[in-house]
1. Out of all the residues in the stretch 293-310, is one or more touching a residue at least 12 places away in the same chain (Cβ under 8 Å), over 30 Å from Thr37 (Cα atoms) and surrounded by fewer than 15 Cβ atoms within 10 Å (Cβ to Cβ)?
2. What's the number of the condition Ser192 fails, among (1) of a type in the set (Gly, Ala, Ser); (2) over 30 Å from Val248 (Cβ atoms); (3) modelled with pLDDT of 85 or more?
3. Could you run through the stretch 92-142 and say how many residues are hydrophobic (A, V, I, L, M, F, W, C), surrounded by 17 or more Cβ atoms within 10 Å (Cβ to Cβ) and either part of a helix (DSSP H, G or I) or at pLDDT 90 or above (or both)?
4. When you scan the stretch 67-80, do you find a residue that is touching a residue at least 12 places away in the same chain (Cβ under 8 Å), among the polar types (S, T, N, Q) and either within 26 Å of Leu260 (Cβ to Cβ) or out of contact with any strand residue (DSSP E or B) (no Cβ under 8 Å at 6 or more places or on another chain) (or both), even just one?
5. Return yes when Ile148 is surrounded by fewer than 18 Cβ atoms within 10 Å (Cβ to Cβ), assigned to a helix (DSSP H, G or I), modelled with pLDDT under 90 and touching a Leu at 6+ places or on another chain (Cβ under 9 Å) and no when it is not.
6. Consider the stretch 311-325. How many of its residues are assigned to a helix (DSSP H, G or I) and either touching a residue at least 12 places away in the same chain (Cβ under 8 Å) or surrounded by 20 or more Cβ atoms within 10 Å (Cβ to Cβ) (or both)?
7. Can you tell me which residues in the stretch 243-276 are crowded, with 17+ Cβ neighbours inside 10 Å and not in a helix (DSSP H, G or I)?
8. Could you say whether any residue in the stretch 212-230 is part of a helix (DSSP H, G or I), within 12 Å of Leu122 (Cβ to Cβ), in contact with a Ser or Thr (Cβ under 6 Å, 6 or more places away or on another chain) and aliphatic (A, V, I, L, M)?
Amino acid sequence: MQSVTPDYDLSTHDYPNSTDDELCDMNPHPVEVITTTYIHSFICAFGLMGNGLVMVTYIFYKRTKTMTDVYLFNVAVADLIFVVALPFIIYNEQYNWLMGRVACKILRSAYSINLYSGMLLLACISSDRYVAIVQARRSFGARSRTLIYSRLICSAVWVFAVALTLPTLIYTERFEEPDLEANTVTVMCQLSFSEGDTAKVMKVLVPSLQMAIGFLLPLIMMMLCYSSIMCTLLRAQSSQRHKAIRVVLAVVVVFIVCHLPYNVALLSHTLDLFKQRSCEAEKIKLRALAISRSVAYLHCCLNPLLYAFVGVKFRSHFRQIMVDLWCFSKKYIYSARSSRGTSDICVSGLRTSDGTNNMSSFSA
């Protein structure tokens with residue numbers, strides 16, 4: 001079995017020094033593989049459920065959308081791309097990438113697209129909430145009229161994310177590495193380079209972009225915007241103030257807890273790429289990368305809870321979805337007479353969804 005290796009990992013001929021003059025065996029312990037599989041399966045299941053509900057709500061129930069709504073919908077799309085790809089990544093890594101070279105490239109690129117688009121969109125959400133709360137008087141009535149700008153911004157974010165993913169898409173390859181000691185062949189899917197100069201540049205460029213744009217830029221934006229929002233909320237005389245402050249703190253703390261360990265491990269790994277390192281030290285670093293990256297993956301499950309389900313209006317739409325699902329299920333279970341009655345209820349539920357109210361920036 002092959003572990004979940006980083007996208008920027010070692011090239012074909014780059015191995016840490018071994019004390020036995022043999023290639024270092026980087027394969028993980030079977031227990032680690034099984035644990036990682038269960039964790040990623042959990043992330044996949046809850047990520048599909050949460051982000052799918054966000055998309056259904058915004059498509060069918062929330063007809064009038066603010067700028068934040070557009071950003072949240074695109075965040076859900078970005079997270080959904082990754083959680084859909086995650087089961088295929090798990091399957092291929094356990095069965096030597098049976099789906100081939102094209103699947104190797106596409107699946108490895110899915111995380112990069114999710115990382116760049118999702119993190120940049122979260123930065124856009126923080127700036128939009130800053131305008132809505134801190135600059136509320138100046139922006140009153142203007143945000144709903146600038147909805148087209150949010151769509152243009154989202155389009156630009158997606159184009160930028162695809163451009164940043166191109167190195168991963170181009171240089172990721174499926175290749176076989178013989179294990180002389182076990183007399184087997186290990187199939188890997190990771191960055192691989194034919195030229196030494198290209199390898200040196202890409203080994204630094206890819207993780208540096210991930211850290212700079214996938215973590216530091218949105219973190220700085222969130223810290224600046226949410227600190228100003230916190231000051232404004234503390235001055236406000238509102239019964240909802242304390243709940244709103246807790247939501248702000250939760251957004252920032254969860255972001256840091258999920259992504260800081262992975263980026264610290266990534267930075268340490270990148271700084272040591274061109275140094276001589278022992279086999280055991282390399283195993284420890286790769287294990288730390290795998291664990292911290294799984295924690296980072298959790299963020300795609302938590303985004304719907306942190307950004308969508310905190311809104312009162314969104315929760316009311318979600319409850320309406322549950323009512324309608326119950327109605328439609330009864331339609332196919334009971335007789336024609338009862339199904340006619342439940343059908344009327346379902347249609348009325350859809351029609352009474354309030355499409356005119358905007359979701360509060362921080363509702364409890």
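1. No, that holds for no residue.
2. Here Ser192 meets the rest and fails (3).
3. 16
4. yes
5. Numbers: surrounded by fewer than 18 Cβ atoms within 10 Å (Cβ to Cβ): yes; assigned to a helix (DSSP H, G or I): yes; modelled with pLDDT under 90: yes; touching a Leu at 6+ places or on another chain (Cβ under 9 Å): no.
When the stated conditions are applied, Ile148 does not pass them.
6. Residues that pass the stated criteria total 10.
7. Answer for the stretch 243-276, where residues must be crowded, with 17+ Cβ neighbours inside 10 Å and not in a helix (DSSP H, G or I): just Leu273.
8. Yes, the stretch 212-230 has at least one match.
The values are calculated or read from the model by the stated rules, or taken from the named source; none is laboratory data. These numbers come from a predicted model, not from an experiment. Here Cβ is always computed from backbone atoms with ideal geometry, including for glycine, and neighbour counts include all displayed protein chains.
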